[in-house]
Amino acid sequence: MRIAVLADTHAPRRWQRCPPAVARHLEGVDLILHAGDVCTAGVLDELAAFAPVQAVLGNNDGHEVAEWGATETLTVELAGLRVGMVHDAGPSDGRLRRLRRRFPEAALVVFGHSHIPLDAEDTTLGLRIFNPGSPTDRRRQPVGTIGLLEVWRGRLTEARIVPVT
């Protein structure tokens, strides 16, 4: 299963339409996860033209995004892999343990909010955390980014943070 992961698109201020560099990576994916701060439901509709979308609410998302179907947190099974998703994972200190408590069954937790791409794992906790960064609001990062995941038979076989600007 091929999954694209986005967060912090901040439409319409930062995302007027899907950037071509992002769209190229969305072609052929099986699912798109959006880890919040979509800001307008139109972004989710646009993404849904590429693949089914599941999203969580960010601190800048209002009722329109919630009415679209985004929730505060999400737990799903993707090709046998248990995945949790939340927008704000809190401070970096203690993040892995905090997310383990919040998503006790998850093997992977996807989050956003910081705009800082991150792929980290704690094998003793049995947890990997993944922040795709932002494709459109890079803040202090050198480039905008998205994430690409491959899941096969309950295992995360690949996780990449991909530059798109």
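The values are calculated or read from the model by the stated rules, or taken from the named source; none is laboratory data. Just so we're clear, the structure is a prediction, and the values are computed from it rather than from any experiment. Please note: Cβ atoms are built from the backbone with ideal geometry, for glycine as well, and neighbour counts cover all protein chains shown. The area values use the complete protein model at the heavy-atom level, side chains included, leaving out ligands, DNA and RNA. Shrake-Rupley method; radii C 1.70, N 1.55, O 1.52, S 1.80 Å.
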- Note on the structure: Note on the chain, DSSP bridge orientation, antiparallel percent to nearest 5 equals 60 percent
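Ignoring trypsin sites (Lys or Arg not before Pro) that are buried or in helix or strand per DSSP, and keeping those with at most 14 other beta carbon atoms within 10 Å, what is the longest stretch of the chain between them?
The reported range is 18-138.
Out of all DSSP beta bridges with both ends in the range 68-165, state the antiparallel percent to the nearest 5. Write out the running numbers ahead of the final one.
Numbers: 19 of 25 bridges.
Just about 75 percent of them are antiparallel.
Quote to one decimal, in nm, the extra length available between Met1 and Glu67 on full extension: 0.36 nm per residue of separation minus the C-alpha distance between them. If you can, show how the numbers build up before the last one.
Values: separation 66, 0.36 × 66 = 23.76 nm, distance 2.73 nm.
Roughly 21.0 nm would be gained on extension.
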- Item | Per-q log10 I(q)/I(0), the range 96-165, q = 0.17, 0.18, 0.20 Å⁻¹ (Debye; single scatterer per alpha-carbon; no solvent) | -0.64, -0.70, -0.83
- Dividing the mean separation of Cα pairs under 8 Å (6+ apart) by the residue count of the chain yields a relative contact order in percent of 24 percent
- Note on the structure: Phi angles of the range 29-45, converted by Karplus (6.51 cos²θ - 1.76 cosθ + 1.60, θ = phi - 60°) into ³J(HN,Hα) in whole Hz with x for Gly and Pro, give 6, 8, 7, 10, 9, 10, 8, x, 6, 6, 6, 9, 5, x, 5, 5, 5
- Task: Run the numbers on the range 90-165 and let me know its relative contact order in percent, using alpha-carbon pairs under 8 Å that are six or more apart.
- Result: 22 percent
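In Å², and per residue, what accessible area does the range 76-134 have when probed at 1.4 Å with the other protein chains present?
Working: 2620 Å² over 59 residues.
Spelled out: the 1.4 Å probe surface of the range 76-134, per residue, equals 44 Å².
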- Note on the structure: Once the mean of 1/r over all distinct C-alpha pairs in the chain is inverted, the Kirkwood radius in Å reads 15.4 Å
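Run through every distinct alpha carbon pair of the range 39-129 and return the Kirkwood hydrodynamic radius in angstroms, one decimal place.
Working: mean 1/r = 0.0715 Å⁻¹.
With all distinct Cα pairs of the range 39-129 included, I get 14.0 Å.
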- Query: Build a GNM of the chain with springs between Cα atoms under 10 Å: which of Ser92, Ser134, Ser114 gets the top mean-square fluctuation?
  - Reply: Ser92
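Mean separation of Cα pairs under 8 Å and 6+ residues apart, divided by the residue count of the range 62-122: what relative contact order is that in percent? Present the calculation step by step, with values, prior to reporting the outcome.
Values: 60 pairs, mean separation 19.2, N = 61.
Rounded, it is 32 percent for the range 62-122.
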- Note on the structure: Each label sits 7 Å from Cα toward the beta-carbon; between Ala21 and Arg98 the label points are separated, in nm, by 3.0 nm
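Pulled fully out, how much extra length does the chain show between Ile116 and Arg13, if you take 0.36 nm times their separation in residues and subtract their Cα-Cα distance? List each step's numbers first, then the result.
Numbers: separation 103, 0.36 × 103 = 37.08 nm, distance 1.88 nm.
Here the answer is 35.2 nm.
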- Query: For the residue pair Asp45 and Arg160, what label-to-label distance in nm results when each label sits 7 Å from Cα along the Cα-to-beta-carbon direction?
  - Reply: 3.2 nm
